[in-house]
Amino acid sequence: MDAEERRREILHHLSLTGQETMENLSTMFGVSVRTIFRDIEQLSVSNRIRCVRGRHGGGVIYEGDRPRLTQKHYQLLERLSQGLSEQDAETMQEIMEALTLRGA
């Protein structure tokens, strides 16, 4: 994976999770914390992300728009999840809860 692809994956991960530690990103992508820090510096030029201080090298917070499901999408995924194994259905539920539009 080259640097551009890694940065796209980091941004995608942050858009889903909202935040992550530098250490976890380092482990996820198999690079040093310093490399992740440089990636975040580069990404922060054109994306709404920021570094925060903390234990284990600090972290990153994504402040941009995060993907959300509409009620219509949620209902479709609910119907589709009915045929899944128990483990896959639980995973689908976690995804649906993470992406559900608040108040929808």
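Once the mean of 1/r is taken over each pair of separate Cα atoms and inverted, the chain shows a Kirkwood hydrodynamic radius of 15.2 Å. Between helix 33-44 and the chain there is an angle of about 70 degrees, using the helix long axis and the longest principal axis of the Cα atoms. Principal-axis analysis of the Cα atoms of the chain puts helix 86-99 at an angle of about 70° to the longest axis. Note that the stretch 6-50 presents 58 Å² accessible area per residue, ligands and nucleic acids not counted, probe 1.4 Å. Taking N as the residue count of the stretch 1-62, its C-alpha radius of gyration divided by 2.2 N^0.38 Å amounts to 0.96.
Computed about the Cα centre, the dipole magnitude for the chain is approximately 500 debye when only Lys and Arg (+1) and Asp and Glu (-1) carry charge, each at its Cβ.
Axis of helix 71-81 versus longest Cα principal axis of the chain: the two differ by about 80°, to the nearest ten degrees.
The values are calculated or read from the model by the stated rules, or taken from the named source; none is laboratory data. Nothing here was measured: the structure is a model prediction, and the numbers come from that model. All Cβ positions, even for glycine, are placed from backbone atoms using ideal geometry, and neighbour counts span all protein chains on display. Heads up: the accessible areas ignore ligands, DNA and RNA and are worked out on the full protein's heavy atoms, side chains in. Shrake-Rupley method; radii C 1.70, N 1.55, O 1.52, S 1.80 Å.
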